[in-house]
Structures are given as structure tokens and as C-alpha cells.
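Just below is one structure, and these are the notes that go with it.
Derivation of every value follows stated rules applied to the coordinates shown; laboratory data play no part. Values in this document were obtained by computation on a predicted structure and should not be read as measured data. When we count neighbours, we look across all protein chains shown, and the Cβ atoms used for this are built from the backbone with ideal geometry, even at glycine.
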Amino acid sequence: MNEDIGRSRTIYLAHGDECSRRVMSTMLEALGHTVPVVTESGKCLIEHSVHCPPNVIVAAPRLSDMDGIEALIRIGEKRPVPAIIVARSDDLDKVERALEDHVMAYLVEPLTTESLQPAIFLAERRFKHFEDLRRQVAELEEKLEHRRIIERAKGIVMQVRDLGESDAHRLLQSTATRSRQKLIDLAKHVCATGDLFSEVPKPRH
């Protein structure tokens, strides 16, 4: 784990204050990270992050042209990236909103090298955790949708072929096997055509 904390990342930095940008960029490079984008502009940050996503984004709420949190939200909607918000003490009321969106960690200025490195690791870990949860939810929703379609197709077969539920399900399964189709693909075909053997689609190669 210590090796993972210390490995080099590509990090984009956005801060409205020139001195803060210079100090934070120096800190990140001293930790072994590459910082190819250092900007005061939220639009610039969005453009680079969407076009070529970094490993991590570090941004302040106050940028020259927009709210840094809003910039991170826009990036997250297009190409989610682990993000850290760097807030001043009088910006802490914005942190809660940031954590509800696409920000995975936050730090309060002035920063120290000792606080920056663990925050980067934490942001990546939380990001991975949320991405895993999002993927699991998507897979569950897909399974539920497939089940609904198969149940609908089974109902059609029961009605058209005058079969019981178990026989209709077995017929769907056996037909899918013979035609080398996935059961869900055959079920979609049945739902679309209203019958089982009406031009069963050929298998894809």
C-alpha cells in the first residue's frame, strides 16, 4: 500500500491564485508527480481533462473564470476523474456540495506536502469504490431489465403456443440454444414479433 501511495501520477492543477499555483505545483513535483497542466481557468481545466484525463485533478473553488467545483462537476459528467478540492477556511461551506458530486477529497489551505500525498491516495481509493458501486448498480439494473423482457416473452409464448409457464420457459431456452442465440436476444425477438418462430434471428459472427 505504501508503494501505491508513493507512485507517480499525472495531475492537473487549477487555482485562481498565482502564488498558490506555484507552491502547489512545486509540492506535487517534489512528491514525484507530473503536472503538465497548471491553470487559473476552469474552462482550460475542463478542456484538458475531457480530452486527455489525468490520474487526479487538484482544484480550488475560486478560479479566474468560474467556480472550480462547477468545473469538476462538468468534467465528472463527461469523463469522471478522481478530484481533490483545495479550499480556504472561508470556502468550507462549499466543500459539502463538492463531496456530494465528483470530488473525492478536500484539503484546507495552506497545504503541506505531508497532507497532500495521502489526500491523493484517498481520492483515488474513494473514486474506485464509487466506480465499482456504479458498475454494480448498472449490472443489476441490466439483469432486472433482462428478466422483465424474458418474462414478457414467456407470457407471449404461453398465450400463442398454449403452454404452461415452465414449458414456455423451456421452449425459449431450447430455441435459444438451437439457434445459437442468447436467451435475452431471443426474448427481445419474441417481444418484437409476437411469436417464437417468426424469423428467428441468425446468430452473429
Once amide H atoms are built 1.01 Å from N in the peptide plane, which residues 5 or more positions from residue 88, or in another chain, come under 5 Å H to H?
-> 109
Can you tell me the dipole magnitude for the range 125-184 around its Cα centre, using point charges on the Cβ only (Lys, Arg +1; Asp, Glu -1), in Debye to the nearest 20?
-> 320
Roughly what % of DSSP beta bridges within the chain run antiparallel, to the nearest 5?
-> 5
Could you give the C-alpha radius of gyration of the chain expressed as a fraction of 2.2 N^0.38 Å, taking N as the number of residues it contains?
-> 1.55
Listing 81, 108 from the residue with the fewest other Cβ atoms within 10 Å to the one with the most, what is the order?
-> 108, 81
For the range 1-66, which GluC sites (Glu not before Pro) are both in a DSSP coil and crowded by at most 14 other Cβ atoms within 10 Å?
-> none
Among 42, 191, 127, whose Cα sits farthest toward the positive end of the charge dipole of the chain (+1 at Cβ of Lys/Arg, -1 at Cβ of Asp/Glu, about the Cα centre)?
-> 191
Burial ordering of 148, 21, fewest other beta-carbon atoms within 10 Å first = 148, 21
How long is the gain from residue 165 to residue 109 if the chain were fully straight, where each residue apart is worth 0.36 nm and the alpha carbon distance is subtracted?
-> 13.6 nm
Taking the Cα centre of the chain as origin, work out the dipole magnitude from +1 charges on Lys and Arg Cβ and -1 charges on Asp and Glu Cβ, in debye rounded to 20.
-> 1180
Whose amide H sits under 5 Å from the amide H of residue 105, counting only residues 5 or more places off or on another chain, with H placed in the peptide plane?
-> 83, 85
